[in-house]
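Everything on this sheet refers to the single structure shown next.
The values are calculated or read from the model by the stated rules, or taken from the named source; none is laboratory data. What you are looking at is a predicted structure, and each value in this text was computed from that prediction instead of being measured. Please note: Cβ atoms are built from the backbone with ideal geometry, for glycine as well, and neighbour counts cover all protein chains shown. The accessibility values were calculated without ligands, DNA or RNA, using every heavy atom of the protein model including side chains. Shrake-Rupley method; radii C 1.70, N 1.55, O 1.52, S 1.80 Å.
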Amino acid sequence: MKVDLFDFHLPEELIAQTPLEERTSSRLMVLDKENGKLEHTIFKNIVEYIRPGDCLVLNDTRVLPARLFGEKKETGAKIEVLLLKQLDGDRWETLVKPAKRVKEGTIISFGNGLLTAECVGESEHGGRTLEFSYEGIFYEVLEQLGEMPLPPYIKEQLEDRERYQTVFAKERGSAAAPTAGLHFTEELLEEIRSRGVHIAFITLHVGLGTFRPVSVDDILEHDMHAEFYQMSEGTARLLNTVKKQGGRIISVGTTSTRTLETIASKHNGEFVAESGWTDIFIYPGYTFQGINGMITNFHLPKSTLIMLVSALAGRENVIHAYETAVTEKYRFFSFGDAMLIV
């Protein structure tokens, strides 16, 4: 299957650079996955499309302020570090720029020595394993020195970094936000619960591979990045009950979708409490076993995310919806508008 099948024209001015003042005031496109019919509304009206007995599944990962700016101890050369994954203890898998300045044994200092890191391993594409040294608690130091790792297509500075966190963010570890969840407020979640809709939480720590373009012509040759996921006993039990009682499971975001499908596909459509690493790649032809619907933002052309959405709703339906979104001037990507597929 050719990657070009998932291309569409996106004017640059439709890429949202800043979040809206009100989370729930973003626009919402509703796509009927059976017939391709579209409706246009605003996000806070999502309550009209969810039924009592349904379950929304939210990703409660919390984004780390994972971008650090330091300098090489020997020369004072400026170094940028992006934390990707904690390996063990104080060793992290990172991306470093400029990578050629950082070899094994290089020491980088951040915040006038408040935090230091030694390079203990090198890999391709700027990957470096760093071992950090500091006084106190690492995450507190990181909150003090780090910046939010906004996606490369966002050029504006973020004034309030909590706007790149969901209101239910809890489990620290993401290099990027699960952006479909950014549209919810506590008040909207309470209204959804009051209508008899269940709310469940899973965790998937989003890696930077989310933004990696597909660089092959045939999607079958694309290697997916692995991301850590976790489902609790309570969530597994709730989801199995909802399923048995005929409720719909609606995932919030592609990250929740990948977690639910990873678990359900391993256990014949059942949910179990477990944690692990997933590199599941969902594209048209995939048979869903975990979800019935999805809330998602509008994604990059030719990305694995638009392929996942196309697997659920049909490629022709999705490309038509995206072309309509461009015509109607919907806002795209992380701080953009949303789509509900049911």
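Among the residues of the stretch 234-276, none is identified as of a type in the set (Phe, Trp, Tyr) and open to solvent by 10 Å² or more (accessible area, probe 1.4 Å).
A single entry from Glu93, Glu124, Glu104, Glu74 fulfils the requirement of being more than 30 Å from Arg23 (Cβ to Cβ) and modelled with pLDDT of 95 or more: Glu104. Identify the residue in the stretch 159-186 that is in contact (Cβ under 8 Å) with a residue 40 or more places away in the chain and part of a helix (DSSP H, G or I) and, among all such residues, is surrounded by the most Cβ atoms within 10 Å (Cβ to Cβ). Residue satisfying both the conditions and the ranking: His183. Scanning the stretch 305-342 for residues that are β-branched (Val, Ile, Thr), surrounded by fewer than 21 Cβ atoms within 10 Å (Cβ to Cβ) and part of a helix (DSSP H, G or I) returns Ile319, Thr324, Val326, Thr327. Taking the conditions (1) in contact with a Ser or Thr (Cβ under 8 Å, 6 or more places away or on another chain); (2) within 20 Å of Gly173 (Cβ to Cβ) in turn, Ser232 satisfies each one other than (1). Listed conditions (1) modelled with pLDDT of 95 or more; (2) among the hydroxyl-bearing types (Ser, Thr, Tyr); (3) open to solvent by 50 Å² or more (accessible area, probe 1.4 Å) are all met by Thr129, apart from (3).
For the stretch 209-221, which positions are surrounded by 18 or more Cβ atoms within 10 Å (Cβ to Cβ) and either at pLDDT 85 or above or touching a strand residue (DSSP E or B) at 6+ places or on another chain (Cβ under 6 Å) (or both)? Scanning the stretch 209-221 gives a single hit, Ile219.
From the list Glu316, Glu227, the one residue that fits, being in contact (Cβ under 8 Å) with a residue 40 or more places away in the chain, touching a Leu at 6+ places or on another chain (Cβ under 6 Å) and charged (D, E, K, R), is Glu227.
Would a scan of the stretch 87-103 turn up a residue that is of a type outside the set (Lys, Arg), open to solvent by 30 Å² or more (accessible area, probe 1.4 Å) and either touching a Phe, Trp or Tyr at 6+ places or on another chain (Cβ under 6 Å) or within 25 Å of Arg163 (Cβ to Cβ) (or both)? Yes, the conditions are met somewhere in the stretch 87-103.
If a residue must be under 12 Å from Arg258 (Cα atoms), modelled with pLDDT of 95 or more and either outside any strand (DSSP E or B) or among the small types (Gly, Ala, Ser) (or both), how many such residues does the stretch 287-304 contain?
The qualifying residues number 4.
Among the numbered conditions (1) open to solvent by 50 Å² or more (accessible area, probe 1.4 Å); (2) modelled with pLDDT of 95 or more, the only one that Asp279 does not meet is (2).
Scanning the stretch 7-21 for residues that are in contact (Cβ under 8 Å) with a residue 40 or more places away in the chain and either surrounded by fewer than 13 Cβ atoms within 10 Å (Cβ to Cβ) or part of a loop (DSSP other than H, G, I, E, B) (or both) yields Asp7, Phe8, His9, Leu10, Pro11, Ala16, Gln17, Thr18, Pro19, Leu20.
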